[in-house]
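Structure record follows, encoded as structure tokens.
The values are calculated or read from the model by the stated rules, or taken from the named source; none is laboratory data. Keep in mind that this is a model prediction, so the values were computed, not measured. Backbone-built Cβ (ideal geometry, glycine too); neighbour counts: all protein chains shown.
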Amino acid sequence: MSHRQRLKILSFLLCLPMSTVCAAELTISAAASLGEAFTEIAERFEAAHPGHEIRLNIGGSGALLQQIRAGAPVDVFAAADSETMDRAAADGLVDARQRHDIAGNALVVAVPADTQAIPASLTALAEPTVRRIAIGQPDAVPAGRYAREALQTARLWEALAPRLVPAQNVRQALDYVARGEVDAAFVYATDLPLQPGRVKLAFTVRVKTPIRYPIAPVADSREPGAARAFVEFVRSAEGQAILRRHGFLPP
């Protein structure tokens, strides 16, 4: 065994998840819709692991993947869909052996709170009263990809395309409808409580692909032991309880 190998093993032993000997700074890149839940999870993880510091990088799943691909110093990646994580795994950017689904969600259409004529279905979005519809950019934002799939299944994608207003992430779509800049928006059910009195539910969208949130340590993590510990904390009873409180469904 080489000297470098012995040092690597010693470092791993010192940084086991239950150890407080080795402090770690972790950067967690998480989908925008996980923002509030992961803020609470990060605080609880730090309390359970003294000396560890969590830095959250919140954004659209596609943009976060591009950052990791470009070499951003990220330790854990949590996406809002399986497709994005599949791409990360195919490129060897995450540890696929430590990949797990941690939550589910529902896609909904939200409208401004003062809207009187509330659309009750995807077909109703084609009515003249619905002129602008916010949607996450489907090529980069999972919520937009789920919405596109639903509209294509309903044979409405091409008809509604001129009315669609692209958003960089699902929270931007929510902001657009909360400010009344659009007549409707595709968002997650967990987003609605974030704008009380400004938005309301129009209807829940039926999607073919189940909405799942996968998480995995990044392959080039500088703190692989701590990264695995964070993933396990999210999967633990405490982490799952936090996700449920924020409205997420079981994985």
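For first residues located in segment 186-213 and among the polar types (S, T, N, Q), partners that are assigned to a loop (DSSP other than H, G, I, E, B) and lie 6+ apart or on another chain with Cβ distances below 8 Å form the pairs Thr190/Asn105; Thr190/His246; Thr190/Gly247; Thr190/Phe248; Thr204/Ala106; Thr209/Asp81. Would you call Ser221 surrounded by fewer than 19 Cβ atoms within 10 Å (Cβ to Cβ) and among the small types (Gly, Ala, Ser)? No, not satisfied.
Just one of Ala202, Ala140 is among the hydrophobic types (A, V, I, L, M, F, W, C), at pLDDT below 95 and crowded, with 16+ Cβ neighbours inside 10 Å; which is it?
Of Ala202, Ala140, the one residue that is among the hydrophobic types (A, V, I, L, M, F, W, C), at pLDDT below 95 and crowded, with 16+ Cβ neighbours inside 10 Å is Ala140.
Per-residue answers, yes or no, for (1) at pLDDT 95 or above; (2) of a type in the set (A, V, I, L, M, F, W, C); (3) touching a His at 6+ places or on another chain (Cβ under 7 Å); (4) not assigned by TED's automatic domain parsing to the domain that holds Ala143:
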{"position": "Val74", "(1), (2), (3), (4)": "yes, yes, no, yes"}
{"position": "Met85", "(1), (2), (3), (4)": "yes, yes, no, yes"}
{"position": "Asp91", "(1), (2), (3), (4)": "yes, no, no, yes"}
{"position": "Arg97", "(1), (2), (3), (4)": "yes, no, no, yes"}
{"position": "Val111", "(1), (2), (3), (4)": "yes, yes, no, no"}
{"position": "Asp114", "(1), (2), (3), (4)": "yes, no, no, no"}
{"position": "Leu122", "(1), (2), (3), (4)": "yes, yes, no, no"}
{"position": "Leu125", "(1), (2), (3), (4)": "yes, yes, no, no"}
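Applying the set (1) in contact (Cβ under 8 Å) with a residue 24 or more places away in the chain; (2) assigned by TED's automatic domain parsing to the domain that holds Gly136; (3) aromatic (Phe, Trp, Tyr) to Trp157 leaves exactly one unmet item: (1). Of everything listed in (1) within 30 Å of Phe230 (Cβ to Cβ); (2) in contact with a Leu (Cβ under 9 Å, 6 or more places away or on another chain), the single unmet condition for Leu122 is (1).
Screening the candidates Ala150, Ala161, Ala173 for the property of being assigned to a helix (DSSP H, G or I), surrounded by fewer than 18 Cβ atoms within 10 Å (Cβ to Cβ) and at pLDDT 95 or above yields one hit, Ala161. Scanning segment 104-143 for residues that are touching a helix residue (DSSP H, G or I) at 6+ places or on another chain (Cβ under 8 Å), among the small types (Gly, Ala, Ser) and closer than 24 Å to Leu249 by Cβ turns up Ala106, Ala110, Ala134, Gly136, Ala140, Ala143.
Looking at this structure, is Asp139 under 17 Å from Leu64 (Cβ atoms), of a type in the set (D, E, K, R) and assigned by TED's automatic domain parsing to the domain that holds Ala178? So Asp139 fits the description; yes.
Answer yes if at least one residue in segment 120-137 is closer than 11 Å to Ala185 by Cα and in a loop (DSSP other than H, G, I, E, B), and no otherwise. Break it down into steps so the answer makes sense when it comes.
Of segment 120-137, the ones closer than 11 Å to Ala185 by Cα are 125, 130, 132-136.
Then keep just the ones that are in a loop (DSSP other than H, G, I, E, B); that gives 130, 132.
The answer is yes, given that some residue of segment 120-137 is closer than 11 Å to Ala185 by Cα and in a loop (DSSP other than H, G, I, E, B).
Please find, within segment 39-56, the residue that is surrounded by the most Cβ atoms within 10 Å (Cβ to Cβ) out of those that are in contact (Cβ under 8 Å) with a residue 60 or more places away in the chain and part of a helix (DSSP H, G or I). Can you show your working first?
The first filter runs over segment 39-56 and keeps only residues in contact (Cβ under 8 Å) with a residue 60 or more places away in the chain, leaving 40-41, 44-45, 48-49, 52, 54.
Applying the additional criterion that residues be part of a helix (DSSP H, G or I) yields 40-41, 44-45, 48.
Details: Glu40: 14, Ile41: 27, Arg44: 16, Phe45: 24, Ala48: 15.
Checked segment 39-56; the qualifying residue surrounded by the most Cβ atoms within 10 Å (Cβ to Cβ) is Ile41.
Among the residues of segment 230-242, not a single one is within 16 Å of Ala110 (Cβ to Cβ) and free of Cβ contacts under 8 Å to residues at least 12 places away in the same chain.
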